[in-house]
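Visitor: Take this structure first; my questions come after.
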Amino acid sequence: MEQFQEFLNKYLPGNDWLNFLGFFVILATGTLFRRFMGKKLSQITFGIVRRVSRENEVTVQEFVTLLGRPLEYVFLLVIAFFAFDLIHIPTQWELAHPTEFGLRLIFLRGYKSLLILALTWVLIRFVKFLAIVFTRRAERTDTKMDDQLVPFLTDIIIALIVIVAGLIITGKVFNIDVATLITGLGIGGIAIALAARETLENLLASFTIFMDGSFVVGDAVQIGTMTGDVEKIGFRSTRIRTVDGSLVTVPNRLIVSQVLENLTQREFRRAKYTIRLDLSTSSERLRAVISDIQDAIDVHEFTKNKPGVIRFDAFGDQSFDVLIIYFVETRDIRTFNRIKEEINFKIMQIVLTHKVRFANPISTVYLKNDFINNSGDNSL
């Protein structure tokens, strides 16, 4: 210890070996027990706020998963503060005062920024905990408005927390006048405003969607050629799960600027198509096929409440065209496709039962040999 103290007196005067021992012990202890302390702090916090989560809406394990990691880093930063507070910087190093620009000022501001970011992380995770609580409560209500309002407000609150944290770091840590900074940006501020124009448009469009109530989470919608179920309405975009399972993110400004069809709001889905029968089909058999298809649609449990239209529509070039229109009593696109498939198979069975063939278009191709002259001589 005496040799180590001599080393300290030579290179780090003003520090005792006990200071360094305490420094390493505190850092090592904090590093080893940070996960334990993060979990323990999460459990203590959950005990304080558990009244917010009624009927076990969020378990303590879910709460620890959310806040455990950010609380670990807050604990580690606090431990690091007490550890480094034991070390005295020798005056012989002639480092600048923490209020003046230098190494000490950089480290101090860096530490404060990290601490604010860690606390911001904790606050964001706590907001997500509240979002889980209110989301599960919204699932038990009949209305779907609260189902989409909770994630929307969650995104806005998180965005505000991040903005406030950035302003605190800028103003309190780096002592920059935020108002003066924004005013002094000049052309740069205009460029930032132009860059944020689409974001503001999407934000205003999201409020329009909520106020208008044209669709809610869970509705099946059609936008242009895309059809799918609404999974989430955010403050910037809306997520739609298409029929083939893809997740499409559509900016809100595009949704409010084009025609949107809410398929969930309609009671029936219409199927319309044409089948083409062979020209050799007699009029009696054609009438029988049309009549049987009409009966099959009229008695089906999903199509009987609204009469379908089965008509001999037109004489095709190589077929008799039969128009089929019926309405399936469902809002779900998957159920609609299943019923449509059932009816298609029934139509095939009816056509085959009456010994009628579907039209098989035949194309005749005429080839002309440009080398054949008028005399019929094929030689060159």
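Visitor: Leaving ligands, DNA and RNA out of it, rank 104, 137 by accessible area with a 1.4 Å probe, largest first. Don't skip to the answer; put the middle values down first.
Guide: Values: 104 85, 137 50 Å².
If we order 104, 137 from most to least accessible, we get 104, 137.
Visitor: Can you tell me how much longer the chain between residue 174 and residue 210 gets when fully stretched, taken as 0.36 nm per residue apart minus their C-alpha distance, in nm with one decimal?
Guide: So the chain would gain 9.0 nm between residue 174 and residue 210.
Visitor: Quick one: net charge around residue 143, please, counting Lys, Arg +1 and Asp, Glu -1 for every other residue with C-beta under 13 Å from its C-beta.
Guide: -2
Visitor: Compare 136, 285, 51 by solvent-accessible area with a 1.4 Å probe and give them largest first, with all protein chains kept in place.
Guide: So, going from the largest accessible area down, we get 51, 285, 136.
Visitor: In sequence order, what are the phi-derived ³J(HN,Hα) couplings for region 287-302 according to the Karplus relation 6.51 cos²θ - 1.76 cosθ + 1.60 with θ = phi - 60°, rounded to whole Hz, with x for glycine and proline?
Guide: Values per residue, Gly and Pro as x: 4, 5, 4, 4, 5, 5, 5, 4, 5, 4, 6, 5, 9, 5, 5, 9 Hz.
Visitor: OK, next. May I ask you to derive the FRET efficiency for residue 306 and residue 60 from their Cβ-Cβ distance with R0 = 45 Å, giving the value to the nearest 0.05?
Guide: Values: r = 53 Å, r/R0 = 1.18.
Efficiency computed from Cβ-Cβ geometry: 0.25.
Visitor: Can you return the lysines within cross-link range of residue 112? Criterion is Cα-Cα under 22 Å, with same-chain partners fewer than 8 residues away left out.
Guide: Straight-line reach from residue 112, under 22 Å: 172.
Visitor: Need the full-extension length gain, residue 283 to residue 25, defined as separation in residues times 0.36 nm minus the C-alpha distance. One decimal, nm.
Guide: Residue separation times 0.36 nm, minus the Cα-Cα distance, leaves 83.0 nm.
Visitor: Further question on the same structure: Let me cross-check residue 217: its accessible surface, 1.4 Å probe, with only protein heavy atoms counted, in Å² to the nearest 10?
Guide: 30
Visitor: Distance cut-off 29 Å, Cα to Cα: go down the list 306/346; 39/144; 304/355 and report the pairs above it.
Guide: Where the Cα-Cα span goes over 29 Å, the pairs concerned are 39/144.
Visitor: Assuming R0 = 41 Å, what is the FRET efficiency of residue 335 and residue 162, from their Cβ-Cβ distance, to the nearest 0.05?
Guide: Working: r = 43 Å, r/R0 = 1.04.
With R0 = 41 Å, the Cβ-Cβ based efficiency is 0.45.
Visitor: While we're here: Would you mind checking region 113-146 for residues with the amide N under 17 Å from a putative spin-label position 7 Å along Cα→C-beta of residue 262?
Guide: Answer for this model: 142-146.
The values are calculated or read from the model by the stated rules, or taken from the named source; none is laboratory data. Note that the structure is predicted; figures quoted are calculated from it, not measured. Note: ideal-geometry Cβ built from the backbone for every residue, glycine included; neighbour counts use all protein chains shown. Note: areas computed on protein heavy atoms with side chains; ligands, DNA, RNA excluded. Shrake-Rupley method; radii C 1.70, N 1.55, O 1.52, S 1.80 Å.
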